[in-house]
C-alpha cells in the first residue's frame, strides 16, 4: 500500500511540474520541450498531458502544436479568492461601472507583491484597456495595487512597500518609497487610487479597495482606458463612484448580474459633410425626408438630405433649439425665434417668449413646450401660448438643458445636467419625477430621443457614449462613440421596416487639441442603425 501511495504522489508531482512549466511560458510549450525541460520520458509527458487536457487544466493549440493552460485553471484561481465568491459579488458593480463609463472595468486581488486580475468587463470602445485575466502586475504602479495597499493595516502595508522592487515601467512610475507612502496616505484619505500612466504610457486607471464586513481588504475594482478619454479631471469625478461601487461589493449587497447590452463604436459611421463647432438639435422632418440640425455656436441651420449635407442659413445668435414647422423649422435662440423655409428664407416670429429660453421641443399637434430660466435660479416649463407667453406647468430649482416629448406615452422629459438627472413630467400632475440619474464621471447629459420600442436615449458629453434607458429608468444599452462630446440625438426613418436609425450630433470646440488626433470625427454628424443596437 505504501508503495502504491508513493507512486501516486510521484505522478501528482510530475503533473504539477508540467502545469508549472506551461504556466511559466505564455507562448506555450511543445511536448518535446516539456520532456527536455523536466527531464522526463516523452511517453510520461504524453500521458500526463492527455490527463490534464481531459480535465481542462491544459489545452493544445493545434496550429502551433504547443500546450497552454486551460480555462479550468482560471476558474480554480477565481474560486481561490472567493469571499464567499468575490467575482460573483463584483459582477454587477463591474458591469454597472462599465455601462456608465464606457470603459473596461477590472477586479483584482493581491498575491504576494503583485496584483492578479480575476475578472474583466470590456468597455464599449474599439480602443480600450485589455489586460488579460490572470495577468499579474506590480503592486506599486497600478490603481488596484495602491488601493489595496492603502486599505491594509499599517504594519502589513509597510512590510510590502519596504520589500517591493519599485521598478520604473514608465517615466511616470513612482520609484521612491517615501513618495509611494505619501501617495498611499492620500489614497486612504480620499477612498480611491489613481494610476497616471504609471504602468503603461497612454493608459490611466482609477481603482478602489474592496473591504469585507470584517474590515479585511479582499481586492480592488478599477476603471481603465486611454489617457485621452480618462483625463485627470474625469478620474477625479469617477473616483468617488468607483469607491462607492467597491463598498457595495464588500458589503455583498449586489450579487446579481446585469442585463445591460453594450455596442462598440465600430457600428457608428460619420455622414458626409463638414464638421460643426457645436453640432446640436437634430430634428427629423415631419414628411420623413430630411434631417435638420444646427451648429449652435457658429450659428447656422443645416440640412442632411439624399446623402448630402448643406448649410441652409447662417444666423447671428447661438441656438438653443429647433422646432418642426411644416416643411421648414423654427430656430430658437435665448431671446428670439425665426421661421426658416427649406430654401433658406427667414421670417422673424413675433410675439415670442420673454426671458432667457433654455430649451424647446414640439408637443402634440401644434403644441410647443419651452423651458425658461427663472430670475432667481432654476427653470419654468410650460406650453407656449399663441400670444408668445408661457403657460407654466412646472417650476424647478435647477436648469434644464433639453426637453423631449414622448408621443406614444404623451409625457414630457427633460435633462438636468447639473444633477445628472433625466426628469419625467406628466401633464396634469404638478410633481416632477426623477427617472434616472447619471454620475458626473460618466459625462454630462445632453439631448433626448425616443425609439419605436419606447426607449429613452440621451448623449453623454465628455463620456464618449450614448445610452438608452427603459421607461422604468433602467439602463439597458451603452453605445461607445469615437468622439468625446456627443451633444444630441434624433431617431430617423421607420422602425417597423428595420430602417430606423439614430443621428448623433457632436461638438468640436470643447475638445482639447491634443485629443482631436484621437477623435478626428469630433463635430461631425454620426449615424447608427437602431436594429443593431437592440440586438441581444
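Please verify whether region 312-330 includes one or more residues that are under 32 Å from the mean Cα position of the chain (by Cα), in a loop (DSSP other than H, G, I, E, B), surrounded by fewer than 21 Cβ atoms within 10 Å (Cβ to Cβ) and touching a residue at least 60 places away in the same chain (Cβ under 8 Å). Explain how you work it out, then say what you get.
If we filter region 312-330 for residues that are under 32 Å from the mean Cα position of the chain (by Cα), which is where we start, we get 318-323.
Those still in the list that are in a loop (DSSP other than H, G, I, E, B) too: 318.
Filter once more, keeping what is surrounded by fewer than 21 Cβ atoms within 10 Å (Cβ to Cβ): 318.
Now narrow it down to the ones that are touching a residue at least 60 places away in the same chain (Cβ under 8 Å): none.
Checking region 312-330: not a single residue is under 32 Å from the mean Cα position of the chain (by Cα), in a loop (DSSP other than H, G, I, E, B), surrounded by fewer than 21 Cβ atoms within 10 Å (Cβ to Cβ) and touching a residue at least 60 places away in the same chain (Cβ under 8 Å).
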Here are the criteria: (1) touching a strand residue (DSSP E or B) at 6+ places or on another chain (Cβ under 6 Å); (2) crowded, with 21+ Cβ neighbours inside 10 Å. Tell me which single one residue 229 does not satisfy. (1)
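Just to check your reading of the model, which residue among 507, 518 is surrounded by fewer than 19 Cβ atoms within 10 Å (Cβ to Cβ), farther than 21 Å from residue 285 by Cα, at pLDDT 85 or above and in contact with a strand residue (DSSP E or B) (Cβ under 8 Å, 6 or more places away or on another chain)? Explain how you work it out, then say what you get.
Values: 507 fails: surrounded by fewer than 19 Cβ atoms within 10 Å (Cβ to Cβ).
One residue alone meets the criteria, 518.
What residue, of 241, 236, is surrounded by fewer than 17 Cβ atoms within 10 Å (Cβ to Cβ) and either part of a strand (DSSP E or B) or at pLDDT 90 or above (or both)?
Details: 241 fails: surrounded by fewer than 17 Cβ atoms within 10 Å (Cβ to Cβ).
Going through 241, 236 in turn, just one is surrounded by fewer than 17 Cβ atoms within 10 Å (Cβ to Cβ) and either part of a strand (DSSP E or B) or at pLDDT 90 or above (or both): 236.
Of the residues that sit in region 489-504 and are in a loop (DSSP other than H, G, I, E, B) and under 17 Å from residue 307 (Cβ atoms), which one is modelled with the lowest pLDDT?
Selected residue: 499.
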Please indicate, with yes or no, whether at least one residue in region 47-54 is part of a loop (DSSP other than H, G, I, E, B), surrounded by 14 or more Cβ atoms within 10 Å (Cβ to Cβ) and modelled with pLDDT of 85 or more. no
Which condition breaks for residue 451 when tested against (1) under 16 Å from residue 280 (Cβ atoms); (2) touching a residue at least 24 places away in the same chain (Cβ under 8 Å)? (1)
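Can you tell me which residue among 473, 455, 420 is within 30 Å of residue 306 (Cα to Cα) and surrounded by fewer than 23 Cβ atoms within 10 Å (Cβ to Cβ)?
On the way: 473 fails: within 30 Å of residue 306 (Cα to Cα); 420 fails: within 30 Å of residue 306 (Cα to Cα).
None of the others qualify; the one that does is 455.
In region 355-365, what residues are out of contact with any strand residue (DSSP E or B) (no Cβ under 6 Å at 6 or more places or on another chain) and either without any contact (Cβ under 8 Å) to a residue 12 or more places away in the chain or crowded, with 16+ Cβ neighbours inside 10 Å (or both)?
If we filter region 355-365 for residues that are out of contact with any strand residue (DSSP E or B) (no Cβ under 6 Å at 6 or more places or on another chain), which is where we start, we get 364-365.
Correct list: 365 only.
The values are calculated or read from the model by the stated rules, or taken from the named source; none is laboratory data. Note that the structure is predicted; figures quoted are calculated from it, not measured. Every residue, glycine among them, receives a Cβ derived from its backbone with ideal geometry; neighbour counts consider all protein chains shown.
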